[in-house]
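The structure under discussion appears below in the form of C-alpha cells.
The values are calculated or read from the model by the stated rules, or taken from the named source; none is laboratory data. As the structure is a computational prediction, the values presented were derived from the model and not from experiment. Cβ sites come from the backbone with ideal geometry, for glycine too, and all protein chains shown count toward neighbours. Surface accessibility is based on the protein's heavy atoms, side chains included, excluding ligands, DNA and RNA. Shrake-Rupley method; radii C 1.70, N 1.55, O 1.52, S 1.80 Å.
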Amino acid sequence: MSEKRLSLSPARFLSARRRHRSAGLVVLLFGLLAVGSAYAAFAPDNAVADNSAQSQQIEEGKKLFAVGCASCHGLNAEGGGNGEGKMAGPSLIGVGAAAVDFQVGTGRMPAMQPGAQIPRKTPSYTAKEIEALAAYVASLAPGPAVPAEESYDISKATDEQITRGGELFRTNCTACHNFAGRGGALPGGKYAPSLMNVDPKHIYEAMLTGPQQMPVFSDQVLQAQDKRDVIAYLNALQNQKDPGGFGLGRLGPVSEGLWGWLVGIGLLVAVAVWIGAKGVKAKGVKAE
C-alpha cells in the first residue's frame, strides 16, 4: 500500500486527498510559493536599481552641499556660525525636500550675502542638481516632500475655485503680500515679495514650508485643494487688466496718494507760481 502511495504523482496525490481537511491549506501554500517565486524573479532587480539610483543622487547632493552650502549651514546641515557668535545659516535637518527645492529653485540660496531678506534671483544650480540637493537634505530627516504636479495644476480651475481662492488669500495673505499680491514692507528691513510671475510649484512649496518670516500653511491649516485655489486666484489676478489703464503697481492708497501729491498738487503749485509771476509783470507794466 505504501509503495502505491509513493508511485502516485503530486497532482494525483493531491487529487486523491482533495477532500482531506488540510487540502485547502496545502493548495494555499503552493499558491503563495508560486507568487513568491515569481516576485523574487522579477522584483529585486528593479528595487536594487531604484535604491542604487537614489543612493547615487543623495551622494551627488551631498557633494554639492559640501561645496555650496556647508560654509553657512554646516558640513552635516546642522547649522553654522559666522565666527562672531551669530548664526550664519540655520539647521536644515527636517526641513524636507520642498524647502530646498523652493529656496534653491528660486535662486534665494545660495545667498549672495546675509541680510534681513534674501531676494529672489536666477538659480545657480540646474534642475538635476536641485533634485540632488533636495534628496540629500530629505535623507537627513523626514520633512515636506516636493509636491506632485497635480497638486498645483490649475489648468482646470473653475470660477468658483478662483473666487474661493481669493477669499482664502484675502483672509490669510493680504496683511503681508498686499491685496493684489504685489508684496509689501515689513519691520526690520524685511518685506513680503511680489507673487506675480512666480512658478505655481514654488507658491505651493512656500505655503507648505513657510520660508523666512512667512508662516507655515500645512495641509492641516490649508488643504491641498485650498492651496490650489489660492494659486488659481493669483494666476487670475496676474492676468487681470487695470480698468484705469495704469495700475500704479497696485500698491493701494500709498502710491495713489503719492501720485496725487507729486502730480496733482505739483501742478497746482506750478500754476499758482505762474499766475503770481504774471501778476508781478502786469503791475510792473502799469507802473511804467
Notebook entry, point to check: Of these, ALA66, ALA77, ALA53, which one is farther than 30 Å from PRO114 by Cβ, modelled with pLDDT of 80 or more and either aliphatic (A, V, I, L, M) or not in a helix (DSSP H, G or I) (or both)?
Noted result: ALA53
Next item on the list: Sort out which residues of the stretch 192-209 are buried (at least 21 other Cβ atoms within 10 Å of the Cβ), modelled with pLDDT under 95 and small (Gly, Ala, Ser), and write them in order of number.
Entry: ALA192
Item checked: Hits in the stretch 236-268 (condition: closer than 15 Å to ASN178 by Cα and at pLDDT 70 or above) -> LEU237, GLN238
Next item on the list: Please indicate, with yes or no, whether at least one residue in the stretch 118-132 is at pLDDT below 95, closer than 30 Å to GLY189 by Cα and open to solvent by less than 40 Å² (accessible area, probe 1.4 Å).
Entry: yes
Note to self: I'd like the residue in the stretch 105-117 that is touching a residue at least 12 places away in the same chain (Cβ under 8 Å) and of a type outside the set (A, V, I, L, M) and, out of all such residues, is most open to solvent (accessible area, probe 1.4 Å).
What the structure shows: PRO114
Checklist line | Output for the stretch 138-148, where each listed residue is touching a residue at least 12 places away in the same chain (Cβ under 8 Å) and under 17 Å from LYS201 (Cβ atoms) | finding: ALA138, GLY143, PRO144, ALA145, VAL146, PRO147
Next item on the list: Identify all residues within the stretch 210-224 that are under 24 Å from THR122 (Cα atoms) and open to solvent by 30 Å² or more (accessible area, probe 1.4 Å); write none if there are none.
Entry: GLN212, GLN213, MET214
Margin query: I need every pair where a residue in the stretch 231-242 that is in a loop (DSSP other than H, G, I, E, B) has its Cβ under 9 Å from the Cβ of a residue that is exposed (fewer than 14 other Cβ atoms within 10 Å of the Cβ) and modelled with pLDDT under 90, sequence separation at least 6 or different chains.
Written below: ASP242/LEU248
